[in-house]
Structures are given as structure tokens and as C-alpha cells.
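> Take a look at this one; I'll ask things after.
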Amino acid sequence: MTIPKRNSFGLSKGDRLTWRYEVIERIGAGSEGEVYKIREKATGLTRAAKLYFETKEKTAPVFIRHARKLDALRDCDIVVKYLHAEEVWINDRFIYCMISEYFEGLLLDDLLKSYRGGRMPAFEALSLIYTLTIGIEEIHARKEFHGDLHKGNIFVERMGVFFKLRTIDFHDWGRTPAVERRSDILCVARLLYDLVGGREHYKKQPQAIRDICMGNRSDLILKKFPTVFHLRAHLETFEW
């Protein structure tokens, strides 16, 4: 296996990934690495593998912290289920590979493209945000945080009138946990803002949307929703 460029390992269907896994397809990428849908050869079970671009030595602190965080949050419904770690030999070097459950869903960014104009109706967007808020509240209740919520790291699956979500790529910016948790709240509000069309369509949104997005002003959002509990309570009780 070789790496044609730094932002892609260039793996194709059927490529071997350690002695027990083979690649099915590439499903995403970020600044840290690339994610593939893989098959466990012995059982045929489907998994997901995140391959980190940097060498094992450079990645170790981030990788270990991320794996331990996923394991600590394994009972949270919204968190992708971590299984184990692998060391993979690619391009004459060892890199870390994180094996996790494969979630049957679309990235939120890709799901939005299926909507006319790339934006959700208000009620549907609020329903998705409510599910996300419940999930983030579970994480915050354990004194943890996500740190990097955006459309490119949330997987979505429709289940009747409901949504099932999984989040990936937790991040620690080196700030205090309290600051990180407030940042999660701002990210949830910003996601709602983006789901319904962003700045271009904001003025046309119903009051239910504007009462959460608050013109995308961080100070007003955090004053109204100092914790994710306050946001969840609002979503359960506001009047249309």
C-alpha cells in the first residue's frame, strides 16, 4: 500500500488492511485522517476504520486520548462505538488505525444535499437538533465534551419520523472543560442555523428557529442556554 498524497491513502475495494480486514469503500476524511468502510474477513462483519495520516509516534498522544474518551462514553447513544486499535504498515511506516462500529447512515453534510436547496424544513431540523441535544447532554453529564461538532462528523439515519445519530472525531482544543461544553452548545445552535439555510434564509425562519439561533450571536445564545440542559428543556416546552 502507498500514499499518493497526504490527504488520502488511496485505498480501493478489496485492498488488505491488516491480516483480518479488507477495504469496502472510502466514507470520509478530515484533517487527522481518513475513514473507510471495511469487512472483517473471518466473519464478513462490517466495521469502520479511521487511519491517521501522521506516523504512529506523532499520533500516539491524540490517538490514545481519543480512544480512551470513546471507551469512557461507550454507553452514550450518540457516540460511535469504539472496538479496538490496530497498527497498520503503510508507505514504509506504522500508523494507527481505529476500528469502530459501522453506522448505517449518511454524513449530515451529504444528507442536506438531498433536500431542495440544501436546507431542511424547520420542524425536521428542530427534530434532528433535539436528538443531537439529548446526545450531547449525555456526554456533558459525564463531565466530557465533543469539541468539534459540525456537518462533516455527524452521521444520520432516518427511522420513521425520528433520527438516529452518531458523532465522531472528538477534539480537545486545550481549553477548560467548561469552555468546551459551552462551545458544544454554540455548535448545536450553529448547526440548526446551517440546517435551515444559514444567513440567506434566516430572516424567513419561524420564531421557533430564531429563538434558538439568536442571530448566530454567541453571547445571546449562552445567556439563554448556559447549559445543554437548558437547551433541551426549551426544545421540549416551547410553543409554536
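> Give me the pairs: first residue in the stretch 166-191 and over 14 Å from LYS69 (Cβ atoms), second residue among the basic types (Lys, Arg) and not in a helix (DSSP H, G or I), beta-carbon distance under 8 Å, and six or more apart or on different chains, which are they?
Short answer, once both residue conditions are applied: SER183/ARG175; LEU191/LYS151.
> Take the residues in the stretch 80-97 that are open to solvent by less than 40 Å² (accessible area, probe 1.4 Å), of a type in the set (A, V, I, L, M) and touching an Asp or Glu at 6+ places or on another chain (Cβ under 8 Å); name whichever of them is nearest to ARG166 (Cα to Cα).
Among those residues, the one meeting the criterion is VAL80.
> Can you name every residue in the stretch 169-193 that is open to solvent by 20 Å² or more (accessible area, probe 1.4 Å) and in contact with a Leu (Cβ under 9 Å, 6 or more places away or on another chain)?
Answer for the stretch 169-193, where residues must be open to solvent by 20 Å² or more (accessible area, probe 1.4 Å) and in contact with a Leu (Cβ under 9 Å, 6 or more places away or on another chain): ARG182, SER183, LEU186, CYS187, ARG190.
> Could you check, for the stretch 22-33, whether at least one of its residues is at pLDDT 95 or above, in contact with an Asp or Glu (Cβ under 9 Å, 6 or more places away or on another chain) and surrounded by fewer than 19 Cβ atoms within 10 Å (Cβ to Cβ)?
Yes, there is a match, as at least one residue in the stretch 22-33 is at pLDDT 95 or above, in contact with an Asp or Glu (Cβ under 9 Å, 6 or more places away or on another chain) and surrounded by fewer than 19 Cβ atoms within 10 Å (Cβ to Cβ).
> Can we say TYR102 is in contact with a helix residue (DSSP H, G or I) (Cβ under 6 Å, 6 or more places away or on another chain), open to solvent by 10 Å² or more (accessible area, probe 1.4 Å) and either farther than 30 Å from GLY135 by Cα or at pLDDT 90 or above (or both)?
Here the answer is no, as TYR102 does not meet what is asked.
> Based on this model, can you work out whether ARG142 counts as open to solvent by 50 Å² or more (accessible area, probe 1.4 Å), more than 25 Å from PRO206 (Cβ to Cβ) and in contact (Cβ under 8 Å) with a residue 40 or more places away in the chain?
Values: open to solvent by 50 Å² or more (accessible area, probe 1.4 Å): yes; more than 25 Å from PRO206 (Cβ to Cβ): yes; in contact (Cβ under 8 Å) with a residue 40 or more places away in the chain: yes.
Yes.
> Can you name the residue in the stretch 194-207 that is touching a residue at least 40 places away in the same chain (Cβ under 8 Å) and part of a helix (DSSP H, G or I) and, of all such residues, is surrounded by the most Cβ atoms within 10 Å (Cβ to Cβ)?
LEU195
> Further question: Within the stretch 89-182, which strands (runs of 3 or more DSSP E) (wholly inside it) include 2 or more residues that are under 13 Å from the mean Cα position of the chain (by Cα)?
Once the strands (runs of 3 or more DSSP E) in the stretch 89-182 are filtered for at least 2 residues that are under 13 Å from the mean Cα position of the chain (by Cα), what remains is 154-159, 162-167.
> When the stretch 149-162 is examined, which residues are found to be at pLDDT below 95 and touching a helix residue (DSSP H, G or I) at 6+ places or on another chain (Cβ under 8 Å)?
Answer for the stretch 149-162, where residues must be at pLDDT below 95 and touching a helix residue (DSSP H, G or I) at 6+ places or on another chain (Cβ under 8 Å): LEU149, HIS150, LYS151, GLY152, ILE154, PHE155, VAL161, PHE162.
> For the stretch 117-129, does any single residue satisfy the condition of being of a type in the set (Gly, Ala, Ser), surrounded by fewer than 19 Cβ atoms within 10 Å (Cβ to Cβ) and on the phi > 0 side of the Ramachandran plot?
The answer is yes; a qualifying residue exists.
> In the stretch 208-226, which residue that is free of Cβ contacts under 8 Å to residues at least 24 places away in the same chain and not in a loop (DSSP other than H, G, I, E, B) is least open to solvent (accessible area, probe 1.4 Å)?
Within the stretch 208-226, the match that is least open to solvent (accessible area, probe 1.4 Å) is GLY215.
The values are calculated or read from the model by the stated rules, or taken from the named source; none is laboratory data. What you see is a predicted model, and the numbers here were worked out from it, not measured in a lab. Cβ: placed from backbone, ideal geometry, glycine included. Neighbour counts: every protein chain shown. Only protein heavy atoms, including side chains, enter the accessible area calculation; ligands, DNA and RNA are left aside. Shrake-Rupley method; radii C 1.70, N 1.55, O 1.52, S 1.80 Å.
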